[in-house]
Amino acid sequence: MSKFICPQIIGHRGACHYSPENTKASIELAAKQGAKWVEVDLQLTQDNNIAIIHNPTVNKCTNGKGKVIKMDFAEIAKLDAGSWHSEQYAGQRVLSLEQLLKLVIRLKINVNLEIKSNVGLNEETASIAVKAVKAIWPKDRPLPLFSSYSLTAIETVKEHYPKAPRAMIVGEWNQFVKRAIVDLDCSSINVDRRLITPQRLACMHETGKPVIIHTVNGLASAVKFIEMGVDGLFTDRPGDIIAALQAKGLYRST
Ligand code: G3P
Ligand code: MG
């Protein structure tokens, strides 16, 4: 397993409080705001490409309609993925995984690739994502973090790319989940902030893994969680959260 240095701040879908989620504009804005990492969402297309989009349909984040898995990437790439957000971002496009990887490499930031959980597609999506990263990612840079709610997706990443950091995204906390994280040799625990109490955080840390929580957009809330001992935060507004942590002497720039 390649060494994983847990980031403190991850721009969630880029800087999606200010710009259309998962687009080039949003990722560039997160980098401009000082984020060293961004998180994006991966969905399989009909032609075995990967589109960077959160939902299983294009309906919310583009001017089109339809299921991602029933569309070829070329069809998705023609859609406007910015106008739904604001006129300023008209003409943004849905990125392919390959385009996304080249973008973050150019911006000299790292990326958490969230393989969206879709019944029957998780193994395929994970193995295509692994192939793309192996083909494109520079050998001298720390590898991206793969994550998923899907156990199958994480097992696939472990099997085909054992040295890549991987994380289970956790929507509940119990002994089964704790055991799975240890057995899969995960690099971090990515978890909904609503599950975090000081006691539960201590129990998560018994695994020896850093804990990264989503999604924290309140400044006071970010300070509270970092003071509590949470290792990393996904946020829609990385610049503001970095400034809030800096003001309290809590910001870690890795
Ligand atoms: O990976 C953290 C977070 O992005 C998971 O939830 O729905 O925002 O993709 P979601
Ligand atoms: Mg996500």
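The values are calculated or read from the model by the stated rules, or taken from the named source; none is laboratory data. Please read all numbers here as calculations on a predicted model, not as lab measurements. With ideal geometry, Cβ positions are generated from the backbone for all residues, glycine too; neighbour counts draw on all protein chains shown. These accessible areas exclude ligands, DNA and RNA; they are computed on the full protein's heavy atoms, side chains included. Shrake-Rupley method; radii C 1.70, N 1.55, O 1.52, S 1.80 Å.
Only one of (1) assigned to a loop (DSSP other than H, G, I, E, B); (2) open to solvent by less than 30 Å² (accessible area, probe 1.4 Å); (3) without any contact (Cβ under 8 Å) to a residue 40 or more places away in the chain; (4) of a type outside the set (D, E, K, R) fails for Ile76. Which number is that?
(1)
Among (1) within 17 Å of Phe146 (Cα to Cα); (2) buried (at least 23 other Cβ atoms within 10 Å of the Cβ), there is one condition Ser26 misses while meeting the rest; what is its number?
Only one criterion is unmet by Ser26, namely (1).
Pairs only if they're at least six apart or on different chains, beta carbon under 8 angstrom, first in region 218-233 and in a helix (DSSP H, G or I), second open to solvent by less than 30 Å² (accessible area, probe 1.4 Å) and not aliphatic (A, V, I, L, M); list them, first residue then second.
Sorted first by the residue in region 218-233, then by its partner, the pairs are Ala222/Thr235; Ile226/Gln8.
List, please: which pairs have Cβ atoms under 8 Å, are six or more places apart or on different chains, and start with a residue in region 1-20 that is within 16 Å of Ile226 (Cβ to Cβ) and more than 16 Å from ligand 2 (Cβ to nearest atom) and end with one that is modelled with pLDDT of 95 or more and open to solvent by less than 10 Å² (accessible area, probe 1.4 Å)?
Cys6/Ser188; Cys6/Ile212; Cys6/Gly232; Gln8/Gly232; Gln8/Leu233; Gln8/Leu245
How many residues are surrounded by fewer than 24 Cβ atoms within 10 Å (Cβ to Cβ) and either assigned to a loop (DSSP other than H, G, I, E, B) or within 12 Å of ligand 1 (Cβ to nearest atom) (or both) when one looks only at region 29-39?
Of the residues in that region, 3 qualify.
Could you list, in sequence order, all residues of region 82-118 that are within 16 Å of ligand 2 (Cβ to nearest atom) and part of a loop (DSSP other than H, G, I, E, B)? Steps first, answer last, please.
Step one: filter region 82-118 for residues within 16 Å of ligand 2 (Cβ to nearest atom), giving 94-95, 97, 100, 104, 110-118.
Within region 82-118, Val94, Leu95, Lys116, Ser117, Asn118 meet the criteria.
Picking from Ala51, Ala132, which residue would you name as being in a helix (DSSP H, G or I), of a type in the set (Gly, Ala, Ser) and open to solvent by less than 40 Å² (accessible area, probe 1.4 Å)? Explain how you work it out, then say what you get.
Numbers: Ala51 fails: in a helix (DSSP H, G or I).
Just one listed residue meets the conditions, Ala132.
So in region 54-72, with the set limited to residues that are free of Cβ contacts under 8 Å to residues at least 40 places away in the same chain and surrounded by 19 or more Cβ atoms within 10 Å (Cβ to Cβ), which one is farthest from ligand 1 (Cβ to nearest atom)?
Selected residue: Met71.
Residues of region 3-26 being in a helix (DSSP H, G or I) and within 14 Å of ligand 1 (Cβ to nearest atom), which ones?
Residues of region 3-26 in a helix (DSSP H, G or I): 24-26.
Matches in region 3-26: Ser26 only.
Among the listed residues Leu121, Leu145, Leu113, which satisfies the condition of being on the phi < 0 side of the Ramachandran plot, in contact with a Phe, Trp or Tyr (Cβ under 6 Å, 6 or more places away or on another chain), in contact (Cβ under 8 Å) with a residue 60 or more places away in the chain and of a type outside the set (D, E, K, R)? Talk me through it step by step, then tell me what you get.
Working: Leu121 fails: in contact with a Phe, Trp or Tyr (Cβ under 6 Å, 6 or more places away or on another chain); Leu145 fails: in contact with a Phe, Trp or Tyr (Cβ under 6 Å, 6 or more places away or on another chain).
Selected residue: Leu113, the only one of Leu121, Leu145, Leu113 that is on the phi < 0 side of the Ramachandran plot, in contact with a Phe, Trp or Tyr (Cβ under 6 Å, 6 or more places away or on another chain), in contact (Cβ under 8 Å) with a residue 60 or more places away in the chain and of a type outside the set (D, E, K, R).
Taking only region 122-152 into account, find how many residues are within 19 Å of Pro56 (Cβ to Cβ), away from ligand 1 (no atom under 16 Å from the Cβ) and aliphatic (A, V, I, L, M).
1
Looking for something touching a Cys at 6+ places or on another chain (Cβ under 6 Å) and either open to solvent by less than 50 Å² (accessible area, probe 1.4 Å) or at pLDDT below 95 (or both) - is there at least one such residue anywhere in region 219-230?
From region 219-230, those touching a Cys at 6+ places or on another chain (Cβ under 6 Å) are none; that's our starting set.
No, the conditions are met nowhere in region 219-230.
Of the residues Lys60, Lys139, Lys65, which is part of a loop (DSSP other than H, G, I, E, B), within 16 Å of ligand 2 (Cβ to nearest atom) and at pLDDT 95 or above? Full working, then the answer.
Details: Lys139 fails: within 16 Å of ligand 2 (Cβ to nearest atom); Lys65 fails: within 16 Å of ligand 2 (Cβ to nearest atom).
Exactly one residue qualifies, and that residue is Lys60.
I want to confirm something. Restricting to region 178-199 and keeping residues that are more than 16 Å from ligand 2 (Cβ to nearest atom) and not in a helix (DSSP H, G or I), which single residue is surrounded by the fewest Cβ atoms within 10 Å (Cβ to Cβ)?
Here the answer is Thr197.
Just one of Asp47, Asp80 is modelled with pLDDT of 95 or more, over 30 Å from Ser253 (Cα atoms) and touching an Asp or Glu at 6+ places or on another chain (Cβ under 6 Å); which is it? Don't jump to the end; show me each part of the working.
Details: Asp80 fails: touching an Asp or Glu at 6+ places or on another chain (Cβ under 6 Å).
Answer to the selection: Asp47.
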